[in-house]
Amino acid sequence: ETGVTQSPTHLIKTRGQQVTLRCSSQSGHNTVSWYQQALGQGPQFIFQYYREEENGRGNFPPRFSGLQFPNYSSELNVNALELDDSALYLCASSSLGAGANVLTFGAGSRLTVL
Amino acid sequence: SQQGEEDPQALSIQEGENATMNCSYKTSINNLQWYRQNSGRGLVHLILIRSNEREKHSGRLRVTLDTSKKSSSLLITASRAADTASYFCATERGSRLTFGEGTQLTVNP
């Protein structure tokens, strides 16, 4: 059984650029959630995908978008990067319909925006 | 604002001592979960307590839930240096987990 893998682990971008972060879900999971974690803070919910459709969204602007693919892998896209987008981006997979939503997290992608 | 708020923000203890962290939340929940995060890494699920449960144990972990006070506590007994990490509570409503700001626990050898 494989866990959740994220890529890249680190990346540096400049203001105004666009970034795509990738995530492979744990085998058997059908749901992926993305979180943003600023330094010293708790993870903030960005959105969740279930069966390739957005299934809930947090307080993030439309320039944050996502995709979930038939194999349950996922992408997070951020357009028009701002300095405040610098954070650890965490992907987590789970199995909706299996009771409580227990998340399995990846190690994260650390984004620095200069 | 965060649904869950942990208290204290930071806790430093000696190996062998017990560590207690508290979490308060604002709205009704289906369940409450605790996660651990080693420095800058992903979170790891520790334990889940449902809204109709009052106490739960898992190894050296003991979690309590008081829905009337909208609060939970996580007790780690006989702490070890390897327990040094940030601990987060997360409340579930619908399919969304909302995390608190976390408690940074340092266990000194």
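Values quoted throughout were computed directly from the atomic coordinates according to the rules given, and no laboratory measurement underlies them. What you are looking at is a predicted structure, and each value in this text was computed from that prediction instead of being measured. With ideal geometry, Cβ positions are generated from the backbone for all residues, glycine too; neighbour counts draw on all protein chains shown.
Label-to-label distance for residue B:7 and residue B:67 is 2.2 nm, based on points extended 7 Å past Cα in the beta-carbon direction.
Taking only alpha carbon atoms, the protein assembly as shown gives an Rg to Rh ratio of 0.97, where Rh is the Kirkwood radius.
Pick out, in residue order, every one of the trypsin sites (Lys or Arg not before Pro) in the stretch A:6-114 that is DSSP loop and has at most 14 other C-beta atoms within 10 Å; say none if there are none. Working shown, then result.
Numbers: sites: A:13, A:15, A:22, A:51, A:57, A:63, A:110; in loops: A:15, A:51, A:63.
Loop-located and lightly packed - A:15, A:51, A:63.
Please report the net charge: other residues with Cβ closer than 15 Å to the Cβ of residue A:9, K and R +1, D and E -1. Summing Lys and Arg as +1 and Asp and Glu as -1 gives +4. For residue A:54 and residue A:5, the difference between the fully extended length at 0.36 nm per residue and the C-alpha to C-alpha distance is 15.6 nm. The mean count of C-beta atoms from other chains within 10 Å of the C-beta of residues in A:36-46, rounded to a whole number, is 5. Candidate cross-link partners of residue B:56 among the lysines, defined by an alpha-carbon separation under 17 Å and a same-chain spacing of 8 or more, comprise B:70. Between residue A:38 and residue B:26, the modelled label-to-label distance comes to 1.7 nm, taking each label 7 Å out from Cα in the direction of the beta carbon.
Here the spin labels are modelled as points 7 Å beyond Cα on the Cα-Cβ line, and at residue A:65 and residue B:77 they lie 5.3 nm apart.
Taking a ≥ b ≥ c as the square roots of the Cα gyration tensor eigenvalues, chain A comes out prolate, since a/c reaches at least 1.5 and a/b is larger than b/c. Expressed as a fraction of 2.2 N^0.38 Å, the C-alpha radius of gyration for chain B is 1.00. In sequence order, the stretch B:42-52 has phi-based couplings of x, 8, 10, 5, 9, 6, 10, 10, 7, 5, 9 Hz under the Karplus curve 6.51 cos²θ - 1.76 cosθ + 1.60, θ = phi - 60°, and Gly or Pro positions carry x. Dipole magnitude for the stretch A:18-114: computed about the Cα centre from +1 point charges on Lys and Arg Cβ and -1 point charges on Asp and Glu Cβ, it is near 140 debye. Rounded to the nearest 20 debye, the dipole size of the protein assembly as shown about its Cα centre is 140 debye, using +1 on the Cβ of Lys and Arg and -1 on the Cβ of Asp and Glu. Computing FRET efficiency as 1/(1 + (r/R0)^6) for residue B:57 and residue A:112, where r is the C-beta to C-beta distance and R0 is 41 Å, gives about 0.50.
Here A:19, A:4 are placed in order of increasing Cβ neighbour count within 10 Å, fewest first, which gives A:19, A:4. Fewest neighbouring Cβ atoms within 10 Å first, the residues A:10, A:29 line up as A:10, A:29.
Provide B:89, A:23 in ascending order of the number of other Cβ atoms located within 10 Å of each residue's Cβ, fewest first.
Numbers: B:89 32, A:23 26.
Least crowded to most crowded, the residues run A:23, B:89.
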